1. Quick one: is I153 under 23 Å from E270 (Cα atoms) and touching a helix residue (DSSP H, G or I) at 6+ places or on another chain (Cβ under 8 Å)?
2. Among what's in segment 253-265 and is part of a strand (DSSP E or B) and within 20 Å of S226 (Cβ to Cβ), pick the residue that is nearest to the chain's Cα centre (by Cα).
3. Looking at segment 118-140, which of its residues are of a type in the set (S, T, N, Q) and either open to solvent by 10 Å² or more (accessible area, probe 1.4 Å) or in contact (Cβ under 8 Å) with a residue 40 or more places away in the chain (or both)?
4. Can you tell which of A61, A40, A87 is at pLDDT 95 or above, closer than 30 Å to V141 by Cβ and of a type in the set (A, V, I, L, M)?
5. Given the criterion of a type in the set (A, V, I, L, M, F, W, C), under 25 Å from K290 (Cα atoms) and open to solvent by 40 Å² or more (accessible area, probe 1.4 Å), identify the matching residue among M186, M227, M162.
6. So, restricting to helices (runs of 4 or more DSSP H) that lie completely within segment 1-101, which ones have at least 3 residues that are loosely packed, with under 15 Cβ neighbours inside 10 Å?
7. Pairs under 6 Å by beta carbon, first residue within 18 Å of R267 (Cα to Cα) in segment 216-235, partner of a type in the set (A, V, I, L, M) and assigned to a loop (DSSP other than H, G, I, E, B), six or more apart or different chains?
8. I need a count of the residues in segment 266-287 that are within 16 Å of ligand 2 (Cβ to nearest atom) and either more than 21 Å from R54 (Cα to Cα) or assigned to a loop (DSSP other than H, G, I, E, B) (or both).
Amino acid sequence: MKKDILSLSALDKSDFDLLFERAKELKSRHKKGICEKSLAGKTVGLLFEKPSTRTRISFEAATAQLGGTALFIQVADTQLSRSEPVADTARVMDRYLDALVLRTFSHAMQEEFAEITTIPIINALTDKCHPCQVLSDLLTVIEYKKDLNGLKIAWIGDGNNMAHSWINAAAKLDFTLALACPDNYMPDEDILTAAIKAANGRISISNDPAQAAADADVINTDVWASMGQEAEFEQRKEVFMPFQVNRELLGRGAKDAIVMHCLPAHRGEEITADVLDGSQSVVWDQTENKLHMHKAILEVLVAG
Ligand code: CP
Ligand code: NVA
């Protein structure tokens, strides 16, 4: 395993397997009330530039439950907001912390941190990707479907950071990914091209949600306007309405299809309330698994 998790494109199949296995073990031990000490004496920083509910709390709780200490730091409260260079900030944090979890707009900024520091840098979302979220989402799929092999996973909506991490995962793991995105909101061409090449026909993309959802085992969506794109919302709403995950679209999936959403969700926009709150939705297990997967990530990267 490399020092950092910046993108799933840098993980090998064996890295995914290691994280899935350890997360499952940690989840089962957590349910039995077993206390872990694998991060005893370690300090994990969380440097965030965008809002977060789940990712922040699950990384903080994961660190505490493994016996470590988490420090939450908002970028606005640091000298970064007064133009201290990223490189100098990275050098400083490297001297204080045992790992740094970063949520930033810029992906390049996280790459700069990773290059300069000796500690693990963990991507908790950038405009480009959201790797830790998709790791825990894959864990949820494995729990519900036993195995990823041969599954059809549909991505309906924006070709955004979440879509990119699903595409990167599909390039490495044996499931089929069918994406349906509006014409002007397709995923990044470089990410898509590289993954399609590696995936041997397992990744398809169209602007047809019905086709992507047909017989799918998993139907996945996300917000129409990501953090930082709020001003585009009205314009996006019109384009994205045909991509809403609703009862009719869900009816096209496999009978036992599960519905996933990384949250926060907007009922009545990208997903209807009856589907999000319905019997095929697994979003609350999905959100819980962030805790267990983040523990596995911290253990593997920090404790070794
Ligand atoms: N899913 C997710 O990353 O949620 P937060 O933005 O609340 O962390
Ligand atoms: N695509 C969303 C994911 C939120 C967890 C965003 O970036 O806002």
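1. On the way: under 23 Å from E270 (Cα atoms): yes; touching a helix residue (DSSP H, G or I) at 6+ places or on another chain (Cβ under 8 Å): yes.
Yes: the conditions hold for I153.
2. Initially, segment 253-265 is screened for residues part of a strand (DSSP E or B), giving 258-261.
Checking which are within 20 Å of S226 (Cβ to Cβ) leaves us with 259-261.
Numbers: V259: 16, M260: 12, H261: 10 Å.
Looking at the filtered set, the residue picked out is H261.
3. T118, N123, Q133, S136, T140
4. A61
5. Values: M186 fails: under 25 Å from K290 (Cα atoms); M162 fails: open to solvent by 40 Å² or more (accessible area, probe 1.4 Å).
After ruling out the rest, the residue left standing is M227.
6. Ranges flagged: 13-31, 86-96.
7. Matching pairs, first to second residue: I219/A257; F233/A225.
8. Here is the first cut: in segment 266-287, the residues within 16 Å of ligand 2 (Cβ to nearest atom) are 266-267, 269-271, 276, 283-284, 286-287.
Subset that is either more than 21 Å from R54 (Cα to Cα) or assigned to a loop (DSSP other than H, G, I, E, B) (or both): 266, 269-270.
Counting residues in segment 266-287 that are within 16 Å of ligand 2 (Cβ to nearest atom) and either more than 21 Å from R54 (Cα to Cα) or assigned to a loop (DSSP other than H, G, I, E, B) (or both) gives 3.
The values are calculated or read from the model by the stated rules, or taken from the named source; none is laboratory data. Note that the structure is predicted; figures quoted are calculated from it, not measured. Heads up, the Cβs are rebuilt from the backbone with ideal geometry, glycines too, and the neighbour counts pull from every protein chain shown. The accessibility values were calculated without ligands, DNA or RNA, using every heavy atom of the protein model including side chains. Shrake-Rupley method; radii C 1.70, N 1.55, O 1.52, S 1.80 Å.
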